[in-house]
Amino acid sequence: MKQQMKQQSRKRREARRARKTKLAVLIIAIVTVAATAGIILYYTTQLSLALVGDREMTVGLYGIYEDPGVKAKLGGKDVSDKVECTGEVDTSVPGQYILHYKSGTLTVERTVTVLEHMNPEIALAGEETQKIKLGDEYEEPGYTATDEDGNDITAQVKVSNTEFRKAGERTIKYTVSDSKGNTTRVTRTVTVEPNKDYGSPGLPICMYHYVYDEKNPPKGVNANFISIQDLEEELNWLNEEGYYYPTWKEVRDYIDGKQLLPDKSIVLSFDDGAMSFLENGIPVLEKCKVPATCFIITSSSGEEKIAGHQSDYVVYESHSHNMHRPGGNIGHGGIFTAISEKDGLEDLKTSIEICGSSDAFAYPFGDYNDRSRDMLEEAGFLCAVTTQYAKAYPGDDPLLLPRIRMSEGQSLQKFISSVAPKN
């Protein structure tokens, strides 16, 4: 009996010791985890922020100030790109400027002093503001540059582009750096006035209609057709010659004397929105990466055609909604010249909504009179094209622009002769 009691007492002591051991191990584990977490938390939240370069800097009047920035680290990781900087330095106005950098709860500041004199110095001759007409060559009045020791460094001045191709205010930049790395930049304003008399070689706006495959020609091929093969040959030539394809907005500015176009510029247009163009012509444009305009008759399944033949190389413009039909007594007898203003404007409005643009319009059958022209202006069209044969020039009526008709079977040489600049 006594022996049994001793064994039971021993087992209870051993059980107590086991529980104490487990508890000690658990406490050690908890402390270890807590300590590790504390180290990790400290490491991942430790933030530093320091200026790169001097706390106080100076720059000359009209100098180019390049901020050295700051270095910020969070838990050993570079987070400099996350730093917020407020304040700015205007080197055209002398004085002190303070830049504030903030990352988390840390902030640092830099003071930048803009001097009352340039270093180096650039002096512009003549008036700071010059005037020229669009198309005229800019004549530089002159400039000089010296470093702080009085050395002439004019030859080191870099002048920005002085070719002005658009009307409006333009800026010429004069920049020079000295041997110490200081840089000054001054500007001159040039007002470019609109001009329609600068001697443009003219802009060809080509008029195509239908496109077919020589390997499977349709019945009734006439002068309004062009083969896939001939079209591709013409487009390849244009690309080889480096032709520029202006937008209708650029065409309008060109006509108004507000923008110069490269001498080798051209606009391609396809009338009617026929399936032959949509199915045969668009793939050629995409293959050659040449943009063109499709003047579409929107009442002839216009919405479906536009939705089903979207392309990066085709814009859809109005050939009227339902005015490509007889009813007038001018030219080919199109109704646009006889329709009422109310009905005409309603038709134009409908076509604009379907095309999603009012940049350009092609007169149905090429027929127009003063009333139809004025309706286009009221509807808000930028440009309109006729079937009169000629290139377009600055000073032309933007709503009565001529075109160059493209005919079936024309040789490449005939095409080149029709569109190439003559001067």
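The values are calculated or read from the model by the stated rules, or taken from the named source; none is laboratory data. Please read these numbers as outputs of a predicted model, since none were measured by experiment. Every residue, glycine as well, gets a Cβ built from its backbone with ideal geometry; the counts of neighbours run over all protein chains shown. We work out accessible area using only protein heavy atoms, side chains counted, and drop any ligands, DNA or RNA first. Shrake-Rupley method; radii C 1.70, N 1.55, O 1.52, S 1.80 Å.
Couple of notes before you dig in:
- Scanning segment 188-209 for residues that are crowded, with 16+ Cβ neighbours inside 10 Å and more than 26 Å from residue 244 (Cβ to Cβ) yields one hit, 188.
Rundown of residues vs (1) at pLDDT 60 or above; (2) within 30 Å of residue 186 (Cα to Cα); (3) outside any helix (DSSP H, G or I), yes/no style:
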| residue | (1), (2), (3) |
| --- | --- |
| 9 | yes, no, no |
| 50 | yes, no, yes |
| 57 | yes, yes, yes |
| 66 | yes, yes, yes |
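- Evaluated against (1) touching a residue at least 12 places away in the same chain (Cβ under 8 Å); (2) open to solvent by 80 Å² or more (accessible area, probe 1.4 Å); (3) under 24 Å from residue 183 (Cβ atoms); (4) not in a strand (DSSP E or B), residue 90 falls short on exactly one condition, (2).
- Segment 312-354: number of residues that are open to solvent by 20 Å² or more (accessible area, probe 1.4 Å) and assigned to a helix (DSSP H, G or I): 11
- When 129, 162, 144 are checked against the criterion of being at pLDDT below 95 and surrounded by 12 or more Cβ atoms within 10 Å (Cβ to Cβ), a single residue qualifies: 162.
- Taken as a whole, the condition of being open to solvent by less than 60 Å² (accessible area, probe 1.4 Å) and under 15 Å from residue 270 (Cα atoms) applies to residue 309.
- All conditions but one from (1) exposed (fewer than 14 other Cβ atoms within 10 Å of the Cβ); (2) over 15 Å from residue 318 (Cα atoms) apply to residue 404; the one that does not is (1).
- Residues of segment 117-150 that turn out to be within 15 Å of residue 183 (Cα to Cα) and either charged (D, E, K, R) or not in a strand (DSSP E or B) (or both), as a count: 8
- Long-range neighbours under 7 Å by Cβ, at least six apart or interchain, first residue under 13 Å from residue 270 (Cα atoms) within segment 402-418, second assigned to a helix (DSSP H, G or I): 404/418; 404/419
- Cβ-Cβ distances below 8 Å connect the following pairs, each with a first residue in segment 133-146 that is farther than 13 Å from residue 159 by Cα and among the aliphatic types (A, V, I, L, M), a second residue that is open to solvent by 50 Å² or more (accessible area, probe 1.4 Å) and in a strand (DSSP E or B), and a separation of six or more residues or different chains: 134/166; 134/193.
- Those residues of segment 247-277 which are part of a loop (DSSP other than H, G, I, E, B), open to solvent by 10 Å² or more (accessible area, probe 1.4 Å) and either closer than 19 Å to residue 287 by Cα or in contact (Cβ under 8 Å) with a residue 60 or more places away in the chain (or both), in sequence order: 247, 256, 258, 260, 261, 263, 264, 274
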